Amino acid sequence: MSDDLLRVDDLHITVGGGPAGRRNRQRRGGRFRRGGRSSATAAGSGGLRAVHGVSFTLRRGEAVGFVGESGSGKTLTCRAALGVLAPGCDVSGGQIDFDGTSLVGLPRRQWDGLRGTRIGAVFQDPGSYLNPSHTVGRQLAEQFRIKVGHGRREARAAAVALLATLGLHQPELVYHQYPHELSGGMLQRVVLAIAVAGEPDLLVADEATTALDVTVQAEVLEALDRLRAELGLAVLAVSHDLAVIAQLCDRILVFYAGEVVETGPTADVLANPRHPYTAALLRVASVGDWRRRELEVIDGSAPPVGARITGCRFADRCTFATDACRTAPVDLRAVPDGGPGADRAVRCIRLGEIDPAARAPERAGVPA
Amino acid sequence: MNLADLEARPADSAVPPATPATGDRGRGRGRTDDPAVAVEPGAARGPASDTEPLLSVRGLTVSFRARSGPSRRTTVLRDVSLDVRPGEIVGVIGETGSGKTTLARAIVGLAPSDAGVIDVDGTDIRRLRRRARRGFRRGGAIRFVFQDPLRALDPDLTVGRSVAEGLTVAGRGTRDEQQAAVADALHRVGLDPAVADRLPGAISGGQRQRASIARAIVDNPRLLICDEPVSALDGSNRNLILRLLDTLRRTPAGADSAERDRLGMIIISHDLSSLAGIADRVVVLYRGRVVEDGPIAEVFSRPRHPYTALLIASAPSIRDEHGPSPAQLRRPADQLADRPGERGRPADACVFAHRCPFATEACDHTPALEPAVPGWTVACHHEPTWRSALSTNPAEAAATLTEGVNNDAR
Ligand SMILES: Nc1ncnc2c1ncn2[C@@H]1O[C@H](COP(=O)(O)OP(=O)(O)OP(=O)(O)O)[C@@H](O)[C@H]1O
Ligand SMILES: Nc1ncnc2c1ncn2[C@@H]1O[C@H](COP(=O)(O)OP(=O)(O)OP(=O)(O)O)[C@@H](O)[C@H]1O
Ligand code: SF4
Ligand code: SF4
Ligand SMILES: [Mg+2]
Ligand SMILES: [Mg+2]
């Protein structure tokens, strides 16, 4: 048995293709939006390319984090790995292996089996994945009954205990409430509980702690750490909160406009970003001294999905861009001086030439 | 202004001037060249404190039917009061489940309230009859950005139609004007106007969040309530939105409109440092009660309520290195009486008493929310003396205070 749990290789995703592209109705209330075909269609049925060649490996018990610009393909990548792409979105190239099984083109029935027992997921907007007409306790206990095989009472006790573990103060009360009766942060923890109840091998957590205050967030991260230690749970986490990623994840992938622009051990990348986008993101993300209101932004905007760009996709916003950056596709290259066993890679032709963390003088300073 | 005025707002003042959203997108979006976003550090940003409030909430109480437990109703907000003046941003903070969303929903009439006054521009909207209330809502004076954007955006309506809804319902402007206003709103929140043709399920989470902000600002509301408006955004887009909100409340709605017409705002957020970047005042909720309300920079630098102090000490991004540590503000675990019925205090006790290291017998009665200094109210029996007990072992902090009180009495 290999140590690799999830291997994604050169993944391409297209969106907005096929008849379902624009106005298909989406189900609300179901846990997953089904119907996403995962078969590799060569032409992507006329859709626009939203994810371009993403590769990464997640080992058992490891935690990998996705960060990057809003709309850069983080959620699409997670959904593809779970076989739950929305209608109109397709895997148009590449490979996804889960524990030795190829997931691309997997029949739906086998998907359902995998998702049910071995992979748990929390998506953005958690409220929409719960059934509004059942109490949250019933929905959580059901997981324990189906997946762990608990009896009714056992399942109930396990559900209440798990809610308490995730820092809900009155778990018995919450058990009896309906989704609309819970606050944003309570809901988020209920959905997380449902995802981990079946003791999966892999947890995909897309913005799973955004609605929590710092104290509760710390409790939830601790609970996840325990699950990783006790069950060997692997985590794929997406978050804009770099502190959360720093605490939870061993490795990080930085997304920009559908590509991974930088990857490596989390602490290394955050301390010493080598791609200009990563450096810019880190700079604007920290508020710095809150008494001085430096609300900096990265000038310009990312190219829209489907834009045909020959060279570096960040070039229009990059302070280090040269003509050479725009002439040919830029590959993700290993960082030669990344340190011992650092396993870092960056998609920038000027790697080694520039120090992206140093500010380019012409754009420095608070915008006036 | 009365309700008739609100409903009969002329169409031309309601539709913002359409700025071309095509071409030049790159530079425009960053808006670094827009003088309106220049932010002077430390400058007084809010309105003078003598301006009449735009929104005045007094004694608001909200309860829901309890599903289990001894009492028949659970009270989620108790006796909550707050003011928002034109041009002012009021931040609302508090732990998860403290009642922040419920407060926002009650103000816009989406949650039923048991008692209190919600005064918007001189009208108590709680007392409006149904039709008048609906008219008021359609008038678009108050807009609400939901915490969960999927709830705000109809899954079957394109983003463009959802954003336009405020304008179409009120029949403001021609179709072309409406479309231009929608494109402008999308542009201002940093979205490619092409997303207007897509359904909410076919855009990313952060794009949905920005679309629901665009929907709320498209028809120039008087009061904007944003529930976690930047929680799904990367740092750059977060700052873009914060700057947009800051610009909106500085700029009066029309060229000839007065100070009085500036947008007032409530922003609910767990991201304290972002909030500190744009809010003027902060209201701290704990278990449905306001425990502190004051100027944000001062409150964050030197909180006057023990709960606020704990919250701020737990937030690395704003914590003052010379301020107390979380451990100094927490009661040792063995002294926690968090569960009801366990060595309980009376129902009437201070809401924070079960966790407060400074609690004494006096705290068995709810402290009133009273001004500590003008414009800064606090609900704590031991304000300001609790700080003097800080340096001691938290297990003995309350004892120090009790002695202090006894000594004072002698
Ligand atoms: N069903 C869809 N149809 C068309 N376009 C889509 C669809 N789903 C996503 N997209 C587009 O693909 C791009 C990537 O979306 P994705 O949801 O992966 O972004 P993300 O990185 O998760 O962003 P965020 O941080 O805002 O959640 C976005 O520009 C989005 O608008
Ligand atoms: N319709 C309802 N019925 C019963 N209880 C409710 C209802 N709505 C809210 N509550 C309860 O009120 C409390 C406050 O909820 P609210 O959503 O206002 O919290 P919040 O401060 O917004 O929290 P968060 O930061 O997690 O979003 C919670 O305990 C919640 O369970
Ligand atoms: S390749 Fe050129 S444009 Fe792209 S990030 Fe590197 S320096 Fe900037
Ligand atoms: S009133 Fe008493 S219990 Fe409440 S915060 Fe003040 S010291 Fe603590
Ligand atoms: Mg996403
Ligand atoms: Mg809330």
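The values are calculated or read from the model by the stated rules, or taken from the named source; none is laboratory data. Note that this is a predicted model, so its numbers are computed, not measured. Cβ placement follows ideal geometry from the backbone for every residue including glycine, while neighbour counts extend to all protein chains displayed. With ligands, DNA and RNA removed, areas are computed over all heavy atoms of the protein, side chains included. Shrake-Rupley method; radii C 1.70, N 1.55, O 1.52, S 1.80 Å.
Most fluctuating residue of A:V235, A:V15, A:V330 in a GNM of chain A with Cα springs under 10 Å: which is it? Comparing A:V235, A:V15, A:V330 in a Gaussian network model of chain A, the most mobile one is A:V330. Each Lys and Arg contributes +1 and each Asp and Glu -1, all at the Cβ; summed about the Cα centre of chain A, the dipole is approximately 1480 debye.
Helical runs (DSSP H, four residues minimum) scored at -39500 (n - 2.57) apiece and divided by the length of chain A put the mean residue ellipticity at 222 nm at -8000 deg cm²/dmol.
Which FRET efficiency, nearest 0.05, do B:S388 and A:H169 yield, Cβ-Cβ r, R0 35 Å? Plugging the Cβ-Cβ distance into 1/(1 + (r/R0)^6) gives 0.70. Taking θ as phi - 60° and the Karplus parameters 6.51, -1.76 and 1.60, the scalar couplings of the range A:56-62 work out to 6, 10, 10, 8, 3, x, 8 Hz in sequence order, x denoting glycine and proline. For A:A229 and A:H134, the FRET efficiency from 1/(1 + (r/R0)^6), where r spans their Cβ atoms and R0 equals 30 Å, is about 0.40.
Take B:D246: with every protein chain present and a 1.4 Å probe, its accessible area is about 0 Å².
Interface of A with B. Using a 1.4 Å probe and counting protein heavy atoms only, the two chains hide about 5300 Å² of accessible surface, both sides summed. Karplus-based coupling profile of the range A:104-109, in residue order and whole Hz: 6, x, 5, x, 4, 5, with θ = phi - 60° in 6.51 cos²θ - 1.76 cosθ + 1.60 and x standing for Gly or Pro. Inter-label distance, B:A132 to A:D337: 7.4 nm, where each label sits 7 Å from its Cα along the C-beta direction. For the range B:109-174, the relative contact order is 20 percent, taking Cα pairs closer than 8 Å that sit 6 or more residues apart in sequence and dividing their mean separation by the residue count. For the range A:263-362, the per residue solvent-accessible surface stands at 48 Å², with DNA, RNA and ligands left out and a 1.4 Å probe.
A:R308 sits among other residues whose Cβ lies under 13 Å from its own Cβ, and their net charge, with Lys and Arg +1 and Asp and Glu -1, is +3. What is the list of residues in the range A:174-198 whose amide nitrogen lies under 19 Å from a point 7 angstrom out from the Cα of B:A66, following Cα to Cβ? Answer for the range A:174-198: A:174-178, A:181-183. In order along the range A:230-245, the Karplus-derived 3J(HN,Hα) couplings, from 6.51 cos²θ - 1.76 cosθ + 1.60 at θ = phi - 60°, round to 7, 10, x, 5, 8, 10, 10, 10, 10, 7, 8, 8, 5, 5, 5, 4 Hz, and Gly and Pro are given as x. Across chain A, Cα pairs under 8 Å and at least six residues apart give a relative contact order of 18 percent.
Placing pseudo-labels 7 Å out from each Cα toward the beta carbon at A:T322 and A:E222 gives an inter-label distance of 5.2 nm.
A Förster radius of 45 Å, combined with the Cβ-Cβ distance separating B:A347 from B:T251, puts the computed FRET efficiency at roughly 0.40.
When B:E383, A:E262 are compared by accessible area at a 1.4 angstrom probe, the order from most to least is B:E383, A:E262.
Inter-label distance, B:A362 to A:A357: 5.1 nm, where each label sits 7 Å from its Cα along the C-beta direction. Label the range A:263-362 by shape, choosing from rounded, prolate and oblate, from the square roots a ≥ b ≥ c of the eigenvalues of the Cα gyration tensor; if a/c is under 1.5 it is rounded, and otherwise prolate applies when a/b is larger than b/c, oblate when it is not. It is oblate, given that a/c is not under 1.5 and a/b is not larger than b/c.
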